[in-house]
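Remarks on the structure that follows.
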Amino acid sequence: RHLGNNPSEYTVNFDFVLEGGSNDDYRIDLIKDDGSEAIVYQQTRVINNLTGGRDVAYFTGLTNITLNINDFVYWQVSNLSDNSNCTLESGSSWSVEER
C-alpha cells in the first residue's frame, strides 16, 4: 500500500516458482487496487514436465507502475487448463521499489 504522495513511480521485481499439474497453463496477474481492480501486468507459462516429479514453471521479470496514495498491488494466479491447484514454492519473492 502506498501511504504517501511521493514517489509515485515504482518498479515491481518478481521471481516466482510455481508447482502445479504438468503441462497446465498458468497465468499470473499483477493487480492494482485504486478503488477498482485493474490488471497492470500479466505473464503466462506452462508447467514443465520435469523428471523426478517436480513439475514447475518459472515466472521472472519486472514492470513499472504508478501508485497514488492508498493504492496497493497484489498478485493473482489462474490455472487456464483445468481446476487443479498450484503451490508457490518457498524462496519465491517480489518487491516494490521506487524508480
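The values are calculated or read from the model by the stated rules, or taken from the named source; none is laboratory data. Since this is a predicted model, take the numbers as computed values, not measurements. We place every Cβ from the backbone using ideal geometry, glycine too, and count neighbours over all the protein chains shown. Quick note on the areas: whole protein, heavy atoms, side chains included, nothing else; ligands and nucleic acids left out. Shrake-Rupley method; radii C 1.70, N 1.55, O 1.52, S 1.80 Å.
Name every residue in the range 1-14 that is part of a strand (DSSP E or B) and either more than 14 Å from Phe59 (Cα to Cα) or open to solvent by 70 Å² or more (accessible area, probe 1.4 Å) (or both), in order of residue number. Glu9, Tyr10, Thr11 - these are the residues of the range 1-14 that are part of a strand (DSSP E or B) and either more than 14 Å from Phe59 (Cα to Cα) or open to solvent by 70 Å² or more (accessible area, probe 1.4 Å) (or both). For Ser90, the criteria (1) of a type in the set (Gly, Ala, Ser); (2) free of Cβ contacts under 8 Å to residues at least 12 places away in the same chain; (3) surrounded by 12 or more Cβ atoms within 10 Å (Cβ to Cβ) hold in every case but one, which is (3). Select from the range 25-71 the residues that are in contact with a His (Cβ under 9 Å, 6 or more places away or on another chain) and open to solvent by 60 Å² or more (accessible area, probe 1.4 Å) and list them in ascending order. Correct list: Asn68, Ile69, Asn70.
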